[in-house]
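Here's the structure, in structure tokens; my notes come after.
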Amino acid sequence: MICPVCKSDMIVVEYKDIELDHCLDCGGVWFDAGELALMLQSLEIAGHGLCLAEIIKFPEAISSEKKRRCPICGHRMKKTILGKEPGTLIDVCDRGDGLWFDGGELAQLLKHLVKSPGKEQNEPQKIINFLGEVFHAQE
Amino acid sequence: MWEQIGSNQRKSVILVVAMALLLVVIGYVLGLYFFGNGMGGLIIALVVWAILNLVGYFQGDSILLGMAKAKKISRDDHPRLYNVVEEMKIASGLEKMPDIYIIDDQALNAFATGRDINKAAVAVTSGLLEKLNRDELQGVIGHELAHIKNRDVLLMTMCSILLGTIVILSWYASRVMFFNAMVGGRRTSSSQGGGGAAQLIILAVALLLMILAPIAAQLIYFAVSRKREYLADASSALYTRYPDGLASALEKLGASTCQLKSANKATAPMYIVNPFRKKGMAASDLSSTHPPISERIRILRAMGGASPSEYDRAYQQIHQKGGRGIIPGSAISAAGAISLRAASPAAGKKEPGEMQRKRETSDALWKVNKYRTIDCECGTRLRLPPGFRGNRVRCPHCGRTISV
């Protein structure tokens, strides 16, 4: 898959049977909708499959960051905030193809997780925790 | 060949002939309008048709597979799928193993192609491989191989070429007509003062045909295609001896609202379910290429045996009109009573779960897309795109540097 930021070919990181697309140049991560559903499904039995649809409904975040295009459908993605205090600015494909985490945002998120691991067990937090686990060595 | 395509299906043949007639008439009328000579138009129509036929015959399957962005796989890429196709190939009595293609798309769909039964291909989407269990997959593959075995692919290709010719002719004629009206309209009307009435009638007929012919041809095309779906369902039940498998696959296909990205109108009848179906769409109308899924499921579920005659009985029971069935007599008499089998036993070979099926399918796709796989000692697996440069990569999970 092509990185929506720097247009280079991303590598695939498979961890605990979940695949993530990762750009080695900018450090960004693409979380595909199908993989996201599988990940949430493997963590719990009920209430899966709704998460991405919920994230799409989150309010649009005001940001000066450039709009990114979904690497799957090519349409512009929506900026929104995932998680609480301080939250991570992410891009979500409103056609439901997946989520994009910028390299810088991911690094911040990881730093924050090291300081205070997320205790809340809602779905956005689970996504953040999972990313933190996979990109353990990425600071 | 004709005997098998049209075996007792005089209706299909009549519909195809009607379509051919439509082509002849539109060619003739357009010729009359443009050159004042019907034969000229007729010849042009036939030449266009012949060219499209040649292209369709020799290149049709590769064009279709290319348009669907299908990737060919081998036995090692996806053993489970290969195995199911092999089983169904034996059950259907096909002589040669069809090529197998995967379409990287989360929608659930499948189609078969190939002009003759020894050079056929079946394509399934990756979503289908992830969501269906073995019995369901068998039902779907059985349905597709039945299309190949019943020569539906050839019939539908011919129909779609006829349809394509009619659409192309009407489209270009309307552009030319428009252009003439803009540029040379005044000149023709002044030079041909007399005979205006005849000219006007031809113009009216030509206009009418240009609008109606593509629509009529499309309706005929859809009618032919719907009929073949029932027969393919019945054949699938016969091959698998387990109609519930296909029924439950159709349930899953019907419940999924994901649309296939690479489908278009001309290729729609090739798929197992209509790729353009929307939620809550009234499926049972003239313009649908497939019978409503709910009806196909009810027929399959009502079957007490696996023979085509049993399918026919179930069809009549659902429709309750009495009278005629849907399966040609030759297909019924060819097979006696066949009992159903039980669902695949859970013991023995373990059925892979959704997670395993997903990994199995994406493994196959990475392989055909030539990604390199690297396993890190920490258990993380990295896949590098074919264009990857550099000789080492750092594992993002444990931080080890792995040389490629």
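Derivation of every value follows stated rules applied to the coordinates shown; laboratory data play no part. The structure displayed is predicted, hence computed values, not measured ones. Positions of Cβ are backbone-derived with ideal geometry, glycine not excepted, and every protein chain shown enters the neighbour counts.
Report, in listed order, any pair from B:Lys72/B:Lys96; B:Lys252/B:Lys370; A:Lys66/A:Lys126 with a Cα-Cα distance greater than 23 Å. It would help to have the intermediate numbers written out before the result.
Details: B:Lys72/B:Lys96 16 Å; B:Lys252/B:Lys370 31 Å; A:Lys66/A:Lys126 27 Å.
Distance filter (> 23 Å) returns B:Lys252/B:Lys370; A:Lys66/A:Lys126.
Under a point spin-label approximation (7 Å from Cα along Cα-to-Cβ), what is the B:Lys69-A:Asn122 distance to one decimal in nm?
Each label point is offset 7 Å from its Cα along the Cβ direction, giving 3.4 nm.
Just to confirm the filter: which GluC sites (Glu not before Pro) across the stretch B:78-110 are DSSP coil and have at most 13 other Cβ within 10 angstrom of their Cβ? Numbers along the way, then the final one.
Numbers: sites: B:Glu86, B:Glu87, B:Glu95; in loops: B:Glu95.
The qualifying sites are B:Glu95.
Regarding the stretch B:1-160, what is the average projected area of its C-alpha convex hull, in nm²?
Numbers: hull surface 43.5 nm².
Mean projected area of the Cα convex hull: 10.9 nm².
Pop out the ³J(HN,Hα) list for the stretch B:300-313 in order, Karplus 6.51 cos²θ - 1.76 cosθ + 1.60 with θ = phi - 60°, rounded to Hz; leave Gly and Pro as x.
For the stretch B:300-313, the Karplus-derived couplings read 4, 5, 7, 6, x, x, 10, 7, x, 5, 5, 4, 4, 4 Hz, x marking Gly and Pro.
Would you mind getting me the FRET efficiency between B:Gln316 and A:Lys16? Use the beta-carbon distance for r and R0 = 45 Å, nearest 0.05. Present the calculation step by step, with values, prior to reporting the outcome.
Values: r = 52 Å, r/R0 = 1.16.
The calculated FRET efficiency here is 0.30.
Which residues among the stretch B:368-392 fall inside the zone where the amide N is under 20 Å from a point 7 Å beyond the Cα of B:Ser403, along Cα→Cβ?
Of the residues in the stretch B:368-392, B:372-378, B:382-384, B:388-392 have backbone N under 20 Å from the label point off B:Ser403.
How long are the three semi-axes of the equivalent ellipsoid for the stretch A:1-89, computed from the Cα gyration tensor as the root of 5 times each eigenvalue, in whole Å, largest first?
Working: eigenvalues 92, 74, 28 Å².
Semi-axes (√(5λ), whole Å): 21, 19, 12.
Express in nm, to one decimal, how much length is gained between B:Glu86 and B:Arg394 on full extension, taking 0.36 nm for each residue of separation and deducting their alpha carbon distance.
Working: separation 308, 0.36 × 308 = 110.88 nm, distance 4.15 nm.
Additional length available on full extension: 106.7 nm.
Given the C-alpha centroids of the stretch B:15-63 and the stretch B:68-141, what is the distance between them in whole angstrom?
Taking the Cα centre of the stretch B:68-141 as reference, the centre of the stretch B:15-63 is 34 Å away.
For B:Lys119 and A:Ala53, what is the calculated FRET efficiency with R₀ set at 45 Å and r taken between the beta-carbons, to the nearest 0.05?
On the way: r = 44 Å, r/R0 = 0.97.
Here the calculated transfer efficiency is 0.55.
Taking the Cα-to-Cβ direction at A:Ser42 and at B:Ile338 and moving 7 Å from each Cα, how far apart do the two end points lie in nm?
4.0 nm
Based on the Cβ-Cβ distance from B:Phe179 to A:Lys66, what FRET efficiency comes out when R0 is 45 Å, to the nearest 0.05? Each step should come with its number before you reach the end.
On the way: r = 45 Å, r/R0 = 0.99.
Once rounded, the FRET efficiency stands at 0.50.
How high is the relative contact order of chain A? Use alpha-carbon pairs under 8 Å, at least six apart in sequence, and give a whole percent.
Numbers: 207 pairs, mean separation 28.0, N = 139.
About 20 percent, as a whole number.
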